[in-house]
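Report on the structure given below.
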Amino acid sequence: MRARGTGSDRKIVVNEIFGPTIQGEGPSMGRSCSFVRLGGCNLTCTWCDTPYTWDWAGRSDAGTAYDPKAELHAMNVAEVAERLLVTDVRLVVVSGGEPLQQQRTVARLCRLLGESGVSVEIETNGTLSPSPELVAARPRFNVSPTLRHSGMGPEQTVVPEALRALNATRGAAFTFVCRDPGDLDEVADIVARYGLESVWIMPEGQDQETLSDRLALLADAVVARRWNISTRIHVHAWGNRRGV
Ligand SMILES: Nc1nc2[nH]cc(C(=O)O)c2c(=O)[nH]1
Ligand code: SF4
Ligand SMILES: [Mg+2]
């Protein structure tokens, strides 16, 4: 598949476009928005909730080998912008997978949406540095460095120059997916080491009950550290469904 062309026909590899919905996670939790989910990821988290963007071999806990031909669609960036703009929202969330793997075309998408008065948030795993071109397009980054319970070690998931570059962007938020208070020491270590400014803790889980239980387990310890809390409000509203 051709990932990129030239000029106005530049391509972006999309998994799905949906909306209107609400941003379910992080500092904008509850805000009206639409989504574009891009294909491909450079990590392989065991508990990944979007394995259909990258898992062609059944490596994640879901155990399903997805079909890249069915999941990946090379689309014209202008067409993606158009599909999002017709949903008539003020905010677009670009997620994945890992959107910074396609940051040249993501920057172009941010500019096209910005010209129509729509702001953009990018969900990223924090292992890839944003280019000056992408930062200049002024998206807000929601950065989720994955912890050891993702099945990968810090040598893969903690990339100092990427974390520092993302932390320096306007409004960046660091949203750590946690299971229990024991995970918070690992978060504190990363926060202190890279001077992360806006820290959010979010429970890991793909159903309402798991999210509620883990939130209750985490809340006091998060409050004690003066950090922020998010849940995954779209899962509370609609369960573990695609396209919401
Ligand atoms: N509603 C909604 N909010 C979200 N925030 C981050 C999401 C993601 O999949 O990255 C997500 C998602 O999949 N749906
Ligand atoms: S970084 Fe995100 S999309 Fe990639 S494998 Fe981990 S949870 Fe899934
Ligand atoms: Mg999701």
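The values are calculated or read from the model by the stated rules, or taken from the named source; none is laboratory data. Only a predicted model underlies this, so the values are computations on that prediction, with no experimental measurement involved. Here the Cβ is made from the backbone with ideal geometry for all residues, glycine too, and neighbour counts use every protein chain on show.
Scan (1) within 23 Å of Gly243 (Cα to Cα); (2) in contact with a helix residue (DSSP H, G or I) (Cβ under 7 Å, 6 or more places away or on another chain) for the single condition Ser119 breaks and write down its number.
Every listed condition holds for Ser119 apart from (2).
Residue-by-condition table, conditions (1) within 16 Å of ligand 2 (Cβ to nearest atom); (2) surrounded by 17 or more Cβ atoms within 10 Å (Cβ to Cβ):
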site: Ala173; (1), (2): yes, yes
site: Asp185; (1), (2): no, no
site: Tyr194; (1), (2): no, yes
site: Asp213; (1), (2): no, no
site: Arg226; (1), (2): no, no
site: His236; (1), (2): no, no
site: Val244; (1), (2): no, no
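One line per residue, one yes/no per condition, for (1) part of a strand (DSSP E or B); (2) within 16 Å of ligand 3 (Cβ to nearest atom); (3) under 13 Å from the mean Cα position of the chain (by Cα); (4) surrounded by fewer than 20 Cβ atoms within 10 Å (Cβ to Cβ):
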position	(1), (2), (3), (4)
Gly114	no, no, no, yes
Glu121	yes, yes, yes, no
Leu128	no, no, yes, yes
Pro145	no, no, yes, no
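Give just the number: which of (1) in contact with a Cys (Cβ under 9 Å, 6 or more places away or on another chain); (2) more than 30 Å from Arg179 (Cα to Cα); (3) surrounded by 21 or more Cβ atoms within 10 Å (Cβ to Cβ) does Arg90 not satisfy?
(3)
Do you know which of the residues in segment 1-30 that are modelled with pLDDT under 85 and not in a loop (DSSP other than H, G, I, E, B) is surrounded by the most Cβ atoms within 10 Å (Cβ to Cβ)?
Among them, the one singled out is Asp9.
Taking segment 35-60, which residues are assigned to a strand (DSSP E or B) and within 10 Å of ligand 1 (Cβ to nearest atom)?
Narrowing segment 35-60 to residues assigned to a strand (DSSP E or B): 35-38.
Phe35, Arg37 - these are the residues of segment 35-60 that are assigned to a strand (DSSP E or B) and within 10 Å of ligand 1 (Cβ to nearest atom).
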